[in-house]
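Undergrad: Take a look at the following structure, please.
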Amino acid sequence: MSDFRSGFVAIVGRPNTGKSTLVNALVGSKIAITSHHPNTTRHAIRGIINNANFQAVLVDTPGVHKPRTLLGHHLNKVVNENLDSVDVIMMCLPANEATGAGDQFIAAEIAKHPRAKKFALITKTDTVNKKSLADRLMTINELAVGFTWDEIIPVSAVIHDQIELLEKIIGDTLPAGPAFYPEDQKSDQGIETLICELIREAAMRDALQELPHSIMVTIDEMAEREPNGTRPFYDIHATIHVERDSQTGIILGHQGQRLKDIGMRARKDIERELGARIFLGLHIKVSKEWQRDPKLLERLGFSDKKH
Ligand SMILES: Nc1nc2c(ncn2[C@@H]2O[C@H](COP(=O)(O)OP(=O)(O)OP(=O)(O)O)[C@@H](O)[C@H]2O)c(=O)[nH]1
Ligand SMILES: [Mg+2]
């Protein structure tokens, strides 16, 4: 009998705690966009670790927070739905931040899933010294009320510290079972979604305070050109949606320079992920209050039925 192992691992935590960066490090490929702004991740994204002895399906989730908009409610719902059926729950707690009410809320949610193994990951360990890490360990231990952490593992995705160890622990923890996805697949995300995400990441990068939350990206058209050379060539037209008229100017920048920079950055990332050359045409549109519009949210995949 084969001793192959497989299973689902949910990555949860407050916004900005390093969940997506960690998933990318574990999968070894950029499948989820990251930024220093909270609430970067908006959908549950599956990233797949394919090892000779196991397949782990990591579910990167949106950071849990107090929702202020319909989108915010959907994000929290996505997390809860994803906790129901997983084998392992990993909660990310940054080494350089204290435990807060949000963490207690998440820990209480985790406690409702007795079947799942529970890991606390102290993320961003490169930002603190040994002494603070030891203190942080104590507070994280106390966070588990009504359950105990199966492991508390300090990691740094940025300097790749303890990532291999974490991968090994995940593999050892999963139950016996066959692979869920083909072994060359790294994510469940469609290519068009990934393209939208990479454009959103580029647009978010130097954006100020609340603008990142207002940005949403859709693809208008994507077509492959007649083959001419060794690498495929795609024409892609996408729209960057913002919520207010004033935000159009911010995205455009002086003489359209900011939009050009966004396009250049996104094009590089997309070409790398597609293994193809592309033309990227970016357009800006004001979609007022899209975060509060149930119809628009549903079109974007934030419906009650899907997640
Ligand atoms: N120094 C350091 N920074 C990190 C590390 N991991 C993530 N970060 C930074 O922390 C910020 C947030 O990272 P994300 O991976 O986007 O966090 P997230 O938890 O997915 O955030 P949401 O999707 O908004 O919930 C980014 O600026 C990352 O570069 C780490 O190991 N070390
Ligand atoms: Mg994220």
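Undergrad: For the stretch 12-63 and the stretch 115-131, what is the centre-to-centre distance using only Cα atoms, to the nearest Å?
TA: Rounded to whole Å, the Cα centres lie 15 Å apart.
Undergrad: Rounded, prolate or oblate: which fits the stretch 255-296 when a ≥ b ≥ c are the square roots of the eigenvalues of the alpha-carbon gyration tensor, with rounded for a/c under 1.5 and prolate only if a/b beats b/c? Mind dumping the intermediate values first?
TA: On the way: a/c = 3.42, a/b = 1.68, b/c = 2.04.
Oblate is the answer for the stretch 255-296, as a/c is 1.5 or above yet b/c matches or exceeds a/b.
Undergrad: Write down the radius of gyration of the stretch 5-173 and its Dmax, each obtained from C-alpha positions, in Å.
TA: Final numbers for Rg and Dmax: 14.6, 44 Å.
Undergrad: Ratio of Rg to Rh for the chain, alpha carbon only, Kirkwood?
TA: Across the chain, the Cα-based Rg/Rh ratio is 0.98.
Undergrad: Right, another one. Report the far tail of the P(r) of the stretch 185-253, meaning the percent of Cα-Cα pairs longer than 19 Å.
TA: Above the 19 Å cut-off, the stretch 185-253 has 46 percent of its Cα pairs.
Undergrad: Write down the radius of gyration of the stretch 168-297 and its Dmax, each obtained from C-alpha positions, in Å.
TA: 18.0, 58
Undergrad: Still on this structure: For the Cα atoms of the chain, what angle does the longest principal axis make with the long axis of helix 163-173, in degrees from 0 to 90, nearest 10?
TA: For helix 163-173, the angle is close to 60 degrees.
Undergrad: Another question, then. For a quick protection proxy, order the peptides 163-176, 28-41, 252-265 by their average other-Cβ count within 10 Å, most packed first.
TA: 28-41, 163-176, 252-265
Undergrad: Residue 278's amide H: which non-local residues (gap 5+, or another chain) put their own amide H closer than 5 Å, with H modeled 1.01 Å from N in plane and none for Pro or chain starts?
TA: HN-HN under 5 Å from residue 278: 234.
Undergrad: List, in the order given, every pair from 130/168; 260/285; 77/112; 77/288 whose Cα-Cα distance in the structure shown is over 19 Å. All intermediate terms of the calculation are to be shown ahead of the outcome.
TA: Numbers: 130/168 23 Å; 260/285 16 Å; 77/112 15 Å; 77/288 24 Å.
130/168; 77/288, as the Cα separations exceed 19 Å there.
Undergrad: Tell me the mean residue ellipticity at 222 nm calculated for the chain from its helices only (DSSP H runs of n ≥ 4, each -39500 (n - 2.57), averaged over every residue, nearest 500).
TA: Rounded to the nearest 500, the figure is -10500 deg cm²/dmol.
Taken together, the values in this text are just the output of simple stated rules run on the coordinates, not laboratory data. Predicted model, so just to flag it, every value in this text is computed and none were measured. Every residue, glycine among them, receives a Cβ derived from its backbone with ideal geometry; neighbour counts consider all protein chains shown.
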